[in-house]
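Values quoted throughout were computed directly from the atomic coordinates according to the rules given, and no laboratory measurement underlies them. Quick caveat, the model's predicted, so the values are computed rather than measured. No Cβ is skipped: glycine too gets one built from the backbone with ideal geometry, and neighbour counts run over all protein chains shown.
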Amino acid sequence: MPYLLISTQIRLEAGPTMVGDEHSDPHLMSILGATKRSMLGNNFCEYYVNDAPRVVLDKLESLGYRVVSMTGVGQTLVWCLHKE
């Protein structure tokens, strides 16, 4: 899976950071130290880490991922990364 989205809410710049959905690579999620959880009312799971987005981006860069784009959506910051 060469593409990855990570996000955090603007008021939570220090973490936690959402690093994957329920279909994400379990090995990558393990490397990031992510845990899978489902929020009340959602019928899907997401992977989260307690790290700030900057720390997650540094880890992903060391694994060969590069930021393709970044945007703000409402109160959420989203980064799209790609691995060659």
Discussion item. Let me check I've understood the local charge: for HIS82, count other residues with C-beta under 15 angstrom from its C-beta, Lys and Arg +1, Asp and Glu -1. What total comes out?
Written reply: -1
Worksheet entry | Gain on full stretching of the segment that runs from SER38 to ARG54 - 0.36 nm per residue minus C-alpha separation | 3.4 nm
Practice prompt. May I ask you to order 20-27, 67-74 by the average number of other C-beta atoms within 10 Å around their residues, highest value first?
Written response: 20-27, 67-74
Worksheet, complete the sentence: For ASP51, other-chain or 5+-apart residues with amide H closer than 5 Å (H placed, Pro excluded) are THR17
Item to complete: Using a Förster distance of 22 angstrom, determine the FRET efficiency expected from the C-beta separation of VAL73 and ILE31, and round it to 0.05.
Response: 0.25
Response to the item:
Compactness summary of segment 3-83: radius of gyration and Dmax from Cα atoms, Å, are 11.9, 35
Item to complete: In whole Hz, with x marking every Gly and Pro, tabulate ³J(HN,Hα) for segment 40-52 from phi via Karplus 6.51 cos²θ - 1.76 cosθ + 1.60, θ = phi - 60°.
Response: 3, x, 8, 9, 9, 10, 9, 9, 10, 10, 7, 6, 5
Worksheet item: Along segment 71-76, what does the Karplus equation 6.51 cos²θ - 1.76 cosθ + 1.60 (θ = phi - 60°) give for ³J(HN,Hα), rounded to whole Hz, x for Gly and Pro?
Response: 8, x, 10, x, 9, 10
Worksheet entry | Under 5 Å, built H, 5+ apart or other chain: amide partners of CYS45 | GLU22
